[in-house]
Amino acid sequence: MPRETELILCPVNLRHAKLDCRAYDEAVAMAGRRYAKLLVATVAPEMERNLNIRDSVAYWTEKLNAFVASNQPEGVDVETCVRTGAVHRQIVKLAEERSADVIVMESANPRIQDYLLGTTASHVVTHAKCSVFVVRG
């Protein structure tokens, strides 16, 4: 018998000029099918490159809420969360703290340095205690 899904974590990278929503769209569809809550998260850098951003968490919270508002799913309970730090570690930590049943995230096409350094998705797949659904970009 399959496990019941209560919480789906979907990390989004809001720093891309052109935001690709494939993982978000997949997470929304999955949450709808499984009657699960969707936790949409982004990880803010500890040090902002843009010196005009004084409060990083407030800035990215506003951006994340605007993203969800412009892509509001019908019939899905959505919560947002902003963390700071290393993206790969914060995703795993958030999933563990909130007892996420599955993480739905994007993976960019690998480049040679990804094989040497590892990608965010590969770290999450390796270290998360829950299932991880990786959507190829």
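Checked across the range 52-67, the condition of being touching a helix residue (DSSP H, G or I) at 6+ places or on another chain (Cβ under 8 Å), modelled with pLDDT of 95 or more and either exposed (fewer than 13 other Cβ atoms within 10 Å of the Cβ) or assigned to a loop (DSSP other than H, G, I, E, B) (or both) holds for no residue.
Residues of the range 69-89 that are exposed (fewer than 15 other Cβ atoms within 10 Å of the Cβ) and either part of a helix (DSSP H, G or I) or modelled with pLDDT of 95 or more (or both): ALA69, SER70, ASP77, GLU79. Restricted to the range 11-51, and to residues that are modelled with pLDDT under 90 and over 16 Å from GLU106 (Cβ atoms), which residue is surrounded by the most Cβ atoms within 10 Å (Cβ to Cβ)? Filtering the range 11-51 for residues that are modelled with pLDDT under 90 and over 16 Å from GLU106 (Cβ atoms), the one surrounded by the most Cβ atoms within 10 Å (Cβ to Cβ) comes out as ALA44.
Which residues, taken from the range 90-122, are modelled with pLDDT of 90 or more and aliphatic (A, V, I, L, M)?
If we filter the range 90-122 for residues that are modelled with pLDDT of 90 or more, which is where we start, we get 90-105.
Those that are modelled with pLDDT of 90 or more and aliphatic (A, V, I, L, M): ILE91, VAL92, LEU94, ALA95, ALA100, VAL102, ILE103, VAL104, MET105.
The values are calculated or read from the model by the stated rules, or taken from the named source; none is laboratory data. What you see is a predicted model, and the numbers here were worked out from it, not measured in a lab. Using ideal geometry, Cβ is built from the backbone for each residue, glycine included, and neighbour counts are taken over all protein chains shown.
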